[in-house]
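Here's the structure, in structure tokens; my notes come after.
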Amino acid sequence: MKRSFELAVILFVGMIFIFSSCQTTSSDSETIEMTGIGEIELPDSPYAISINFNGNEKKKEEMLALVSSGDLAKYKPKLQHENVYQEGNGGTAKNFTFSISYVLVLEDKAALNDVVSILSKNDMPGYVNTMGSYIDETKRDEYSEKLFDLALKHAENRLGKFAESKQKSYRITEILDADDPYSNAVPHDGVAYQSKLFKKVRVKAVLK
């Protein structure tokens, strides 16, 4: 009976030692997060503008002719949206007003003067908005991959410096997209409103 009790004590002490050792190993590790930023400066890209037409049915037909086969057709306008509404209140019937927006891609900003001249010459009601650089569809995936790689490399460099300062090594456990919600590093429509593209990547790691 006495020997059984001694064996039980030894086993209990052994379990405490093992548990203590696990706790010490766990406390020696540290989980950290670092965010990296990738940046690409856009080269001289085609220039995107929008034409916002706002007029009656007769002027609408003239506008459609301009963009389909007239002087604006060479800029390959893309329909952005079209709305129809009636102005004014009361029971008196009102004529419909058409609101149409097109996106045009210009090879350079100088072509903007040509577009404005065409609209003025044809007395088109509406206005023109300058939008930004246009990224061709063939380059969007390339830019997305490059931005991700740059952001990841930046995050890893930060991790390395932090680990070195603590005289530790690190192991990456997770890589996450850290861009703001509802934003894309490379816009889906290809229109960049700044001269640079940015991407953020968050990296989780364990220091050892």
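Judged by the gyration tensor of its Cα atoms, with axes a ≥ b ≥ c, region 28-88 is oblate; a/c meets the 1.5 cut and b/c is at least as large as a/b. If you take the square roots of the eigenvalues of the alpha-carbon gyration tensor of region 146-201 and sort them as a ≥ b ≥ c, do you get rounded (a/c under 1.5), prolate (a/b over b/c) or oblate? In terms of gyration-tensor shape, prolate.
Taking every alpha-carbon pair under 8 Å whose residues sit at least 6 apart, region 69-169 reaches a relative contact order of 19 percent.
The length gained by stretching the chain between Asn52 and Phe162 to full extension, at 0.36 nm per residue less their Cα-Cα distance, is 34.4 nm.
Near Val191, the amide H atoms lying under 5 Å from its own belong to Ile135; only residues 5 or more places off or on other chains count, and H is placed 1.01 Å from N. Applying the Karplus relation 6.51 cos²θ - 1.76 cosθ + 1.60 with θ = phi - 60° to region 52-67 yields 3J(HN,Hα) values of 10, 8, 8, x, 7, 5, 5, 5, 4, 4, 5, 5, 4, 5, 5, 7 Hz, where x marks Gly and Pro.
Which pairs, out of Lys78/Lys200; Lys161/Lys199; Lys74/Lys121, put more than 28 Å between their alpha-carbon atoms? Beyond 28 Å: Lys78/Lys200. Phi angles across region 168-183 convert, under the Karplus curve 6.51 cos²θ - 1.76 cosθ + 1.60 with θ = phi - 60°, into 3J(HN,Hα) values of 10, 9, 9, 10, 6, 10, 7, 10, 10, 6, 10, 5, 5, x, 6, 10 Hz, Gly and Pro given as x. Full extension of the chain segment joining Thr35 with Tyr127 gains 29.0 nm, where the gain is 0.36 nm per residue of separation less the Cα-Cα distance.
Estimated from the Cβ-Cβ distance and a Förster radius of 30 angstrom, the FRET efficiency linking Ala178 and His81 is about 0.40. What residues qualify as long-range amide H neighbours of Ala178, i.e. H under 5 Å apart, gap of 5 or more or another chain, H built at 1.01 Å from N? Hits under the 5 Å cutoff: Lys200, Val201, Arg202.
FYI, it's all coordinate maths here, none of it is from the lab. Model, not experiment: these values are computed from the prediction. Quick reminder, even Gly has a Cβ in these numbers, built from the backbone with ideal geometry, and neighbours come from all protein chains shown.
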